[in-house]
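Only one structure is covered here, and it is reproduced in the block below.
The values are calculated or read from the model by the stated rules, or taken from the named source; none is laboratory data. Everything numeric here is computed off the predicted structure, so don't read it as measured data. No Cβ is skipped: glycine too gets one built from the backbone with ideal geometry, and neighbour counts run over all protein chains shown. Heavy atoms of the whole protein, side chains included, go into the accessibility calculation; ligands, DNA and RNA do not. Shrake-Rupley method; radii C 1.70, N 1.55, O 1.52, S 1.80 Å.
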Amino acid sequence: MEQVNVQGQPAQPSLLASMWQHRWVVLLAVLAALALGFVINDAKTVDYVATADLIVEDPRASSLQVTDVARQSTQDSERYLADQVEILRSSEAALLASNLTGGEISSKQLLEFRSVTGDSTSNLIEISFRAATPARAKQGADALLNAYEALLQSRVEATAEAALAKLDALTAAVDDEIASLGTRIEQLTTADPERLELETQVAAAVQQLNSLRTVRASLPLGSEARLAINEQIDELLRDFETWRAVLAIELEDGELATLQAERAAAITERAALTARRNAIAVDAELAVGGVTLASPAALPEDPAGIGDALVLAASLVLGLAVAAVLSNYLALRYQAVSTRESPEQVLGAPLLAEVPDFAHEGISSEVPVTAAPTSAAAEAFRFAAAAIDIRASATDARMVSIVSATVGGGKTAMVANAGMAAAREGKRILLVDGDFGSQELTRLLTDETPKWGLTDVVQGDVHLLKALVEVSLGDGRSVSLLSRGSRDVEAASFYQSVLTREFFAHLPMLYDLVLVDCPPLLQVAYASTLVAYTEATVVLVVHRSSTRQLEDLADRMELIGTPVLGYAYTKAPLRMEMTTGVGSTADRLGTTEEPARSSWWARLRSERA
């Protein structure tokens, strides 16, 4: 049994119960969230980030002193790392990097999507580039790295070229000085015949000495010839000492000594310049401009963004959260009536009958009282007719309106079947098709649209008896039907007229029971006027219908003021006890025999007596 709170209202179901009750809403919310998640994931731009590393060192602290003979850097060594970062961030580096990619990545993209950071504690520079594909991200980072090295190399080469040019100029000047000094020395030595003769003798002695040393090398050790040659060599060496002393004396006081000293110094300077030039050329080829280590970027893996699995999980959680909110809202807003007892708490009126859903018994007709008289549905309508008769008689009411909150409540079937069941008990029954919008009762009971009806009678065009249609029940009994009529009227105005009110006031005097098929009470405005003309009302409550609608209907009935005899619970599940004492489905379909009176009918009739 459905739980109710202390005010008699159905208790609010739990969150899980609400979600199960509205499981289609839950399913749709989850599917929509999943679809939205995947659409967003496919539409968003996936960024891959590749990072290249540099470890730099101020070249002035290295062993390659290319800049010693060039313009010295004015940068402070503590600023070196920051300056290299700025070089990498410069438009010059971006332009060169773009050229290195063959223009596949523009300099604007390189400036916009690159990131350069430096760590002064380790002299590490990280060069990152963000792109839509791993290959493009790596290409951008490596291009910036190569552009930086190219910029440094070009600066090293420019510095080396400047240094070499300066050294070449200095060497050329020294060569000119050496040539000039050599010319002056030659002039001085040529002008002194004695010195020239002495130098000629020295040259001849050197040649003889070399010849003797060659011959000695071919003679055996200790031989007389070798000893003789050794004496000659010793004599020549003594002569060399004498000649050197003589030449030294001549050089000490003369201009020649000064010039020879200057030429010797110039020759030494030129040798130093040549050595320096060779060193600079080698340094320029080996120098890396302060780059200690350059590590190209690795191909980046999928970014740590939202992957498909995470999208699925997040969308599922989001969908369930939305579904929970919607289910809870729907449970609050559209809480369903799920048991036959719960409407009594809202309406303050008893249950008159429980009508099972026709589909549970395979009944296709809307009038099982005649089409399937042995069915549980037909028995339920007979029970409803008896209950209405008893409750109406207790209040001296002869005109009863049958109402529902909305369309599809089964009110037309209730009017038709309950009226037929009561007519078979020998009562004079009038059925009024008061729903001008549908006239469903008329179509259900007649094959043709009646010529006259309610509007014609009220306007005085025809007599009531002439406007009635007698619907035969097949056993000599019938029910009277009063349809809409032929006059073209506006329903709301018609029902509010004085003539209509007077007509309904006198109508109950002519019949034992008048059942009025009213429009949906919460959907048609003039339904309230029609209900107000009747002496009592029976409310139809559909199984699994909205509790909120039932509450609104109860409020509307309280406002109208017409007493509620009770309610019928329609389209209910077929319970086992409903089939007790009635025939099988095969027996009760297609027969028109009068069914045996049920214990319900007998009990209700005896109570009325």
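For this structure, a couple of remarks:
- Note on L236 and I40: the model spin-label points, each 7 Å out from Cα along the C-beta direction, lie 10.4 nm apart.
- Per atom type, the stretch 393-490 shows carbon and sulfur on 44% of its accessible surface, probed at 1.4 Å.
- Listed cross-link partners K427/K466; K411/K571; K451/K571 are compared with a 22 Å cut-off, the Cα-Cα value being larger for K451/K571.
- Relative packing of 268-276, 406-414, which averages over residues the other C-beta atoms within 10 Å, highest first: 406-414, 268-276
- Theoretical FRET efficiency, 1/(1+(r/R0)^6), r = Cβ-Cβ of L31 and V317, R0 25 Å, to 0.05: 0.95
- Sorting the segments 161-169, 552-560, 566-574 by their mean number of nearby beta carbons within 10 angstrom, highest to lowest, gives 566-574, 552-560, 161-169.
- Label-point gap, in nm, between T183 and R23 - each point 7 angstrom along Cα→Cβ: 11.6 nm
- Protection proxy ranking of 208-218, 427-437, 471-481, by the mean of other Cβ atoms within 10 Å over each peptide's residues and highest first, is 427-437, 471-481, 208-218.
- For K108, a cut-off of 21 angstrom between C-alpha atoms picks up these lysines, skipping any fewer than 8 places away in its own chain: K138.
- Per residue value of the accessible surface for the stretch 335-420 (all protein chains in place, 1.4 Å probe), Å²: 28 Å²
- Solvent-accessible area per residue, Å², over the stretch 99-218 with all protein chains present [probe radius 1.4 Å]: 55 Å²
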